[in-house]
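Student: Here it is: the structure, laid out below.
Every number in this text was worked out from the coordinates using simple rules, so none of it is lab data. This is a predicted model, so every value here is computed, not measured. Cβ coordinates were reconstructed from backbone atoms using ideal geometry, including for glycine residues, and neighbour counts include every protein chain displayed.
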Amino acid sequence: MSANTFIDNAKVMAKGQITIPKDVREVLGVTSGDRVTFIVEGNTVRIVNSAVYAMQVLQNEMAREAERTGLTSDDDVMTLVKELRNEDDNV
């Protein structure tokens, strides 16, 4: 196991609830009221911070869309922004 790998466990209660151990909550960066996402891959489940996961999904979608439209560099993005601003000025 790597230096930042550890094992912890929790008991499943009658209604299927568990308490996420403190060390795990700290790693996830979650506190009371935050949400977690369960990612099921075969018989393995990962628990991730929902807000962080949503941002990662959004970033990946934006990267795919940028690649699809040919925006491969910061210069490409700036050129597009300038073009869009010019369109707004001409309306």
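Student: Among 55-68, 8-21, what's the highest-first ranking by average C-beta atoms within 10 angstrom per residue?
Tutor: Sorting 55-68, 8-21 by mean packing, highest first, produces 55-68, 8-21.
Student: For the chain, what relative contact order do you get, as a whole percent, if you take Cα pairs closer than 8 Å and at least 6 residues apart?
Tutor: Normalised by residue count, the contact order of the chain is 12 percent.
Student: On alpha carbon coordinates alone, what is the Rg over Rh value for the chain, Rh being the Kirkwood radius?
Tutor: Checking Rg against Rh, the ratio lands at 1.21.
Student: When the helices in the chain are scored as -39500 (n - 2.57) per DSSP H run of 4 or longer and the sum is shared across all residues, what 222 nm value do you end up with, to the nearest 500 deg cm²/dmol?
Tutor: -15500 deg cm²/dmol
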